[in-house]
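Encoded as structure tokens, the structure appears first; notes follow it.
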Amino acid sequence: MPRERRRWGAARTLLWMGGAFAAGCIPSGRLLTRALTGESLEEIGDGKPGSSNVARSVGWKSGAAVLVLDAGKAYVPATAARLTGAGNGAVAAIGISTMLGHIAVVKGRGAAAALGAMYAMDPGTMAIGSAELLGGFALHRNPQTVAITAVSLPLLSLALHRRPARALGPLVLIGVLLAARIKGSPGAGWPSSPAVLWRRFWLDRDD
């Protein structure tokens, strides 16, 4: 193992995770919507803080900007950590920390942050996953496409690298992402039946 990675250490990883979590708490969608319209994002569209609601309520350019910002707040710290000597496990932990900050504080689903984290963790796997996403979005099957891509990413990582340890980061990340999706919006509570669980997983709907 290279010396610089031995020097990275658990304490440094925890420090970067804290910074990444703080970055995840930045409500990009709310801030941009307020700046452009003077309105609260919770009061327009479906009230969700993500890029999809911004795109529908404010415009697709604004939605794309929020997507880039939310993905970037995971990608930038995780990639910066890798460039300064962090190993795969530390990079995964830092990227996942951003997503956790977004889910816990912004109350979003964390999909854009997961996208940025995955690009930092495993760009080869995410390149294939992006082809899945673009194909599904072109067919206007956005919720279903996210579900299919999420489930496939750990399998793609394992197929590409043939190292179970390398696929562990994507597996944990996707587990967090799907747990947030299944839990639903704030106040919705956990699914009350298998049918509700399926709708949340497949259609990203609370009912």
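The values are calculated or read from the model by the stated rules, or taken from the named source; none is laboratory data. Note that the structure is predicted; figures quoted are calculated from it, not measured. Virtual Cβ from ideal backbone geometry, glycine too; neighbours counted across all protein chains shown.
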Of all residues making up segment 166-204, the number that are without any contact (Cβ under 8 Å) to a residue 60 or more places away in the chain and part of a loop (DSSP other than H, G, I, E, B): 8
Selected residue [in contact with a Pro (Cβ under 8 Å, 6 or more places away or on another chain), among the small types (G, A, S) and at pLDDT 90 or above] from A11, A71, A20: A20
Qualifying positions in segment 91-120 - over 27 Å from L32 (Cα atoms) and at pLDDT below 95: none
Subset of segment 123-155 (residues that are of a type in the set (A, V, I, L, M), over 23 Å from L203 (Cβ atoms) and surrounded by 15 or more Cβ atoms within 10 Å (Cβ to Cβ)): M126, I128
Options P77, P27; residue that is more than 27 Å from A11 (Cα to Cα) and either surrounded by 15 or more Cβ atoms within 10 Å (Cβ to Cβ) or touching an Asp or Glu at 6+ places or on another chain (Cβ under 9 Å) (or both): P27
Number of the condition not met by A150 [criteria: (1) without any contact (Cβ under 8 Å) to a residue 24 or more places away in the chain; (2) in contact with a helix residue (DSSP H, G or I) (Cβ under 6 Å, 6 or more places away or on another chain)]: (1)
Any helices (runs of 4 or more DSSP H) falling wholly within segment 16-101 and containing at least 2 residues that are free of Cβ contacts under 8 Å to residues at least 60 places away in the same chain: 28-37, 51-57, 60-83
Residue tally, condition at pLDDT 90 or above and in contact with a Gly (Cβ under 9 Å, 6 or more places away or on another chain), over segment 185-207: 3
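Here are some residues: L203, L155. Which one is within 26 Å of A86 (Cα to Cα) and out of contact with any strand residue (DSSP E or B) (no Cβ under 9 Å at 6 or more places or on another chain)? First the steps, then the outcome.
On the way: L203 fails: within 26 Å of A86 (Cα to Cα).
Within the list L203, L155, the selection yields L155.
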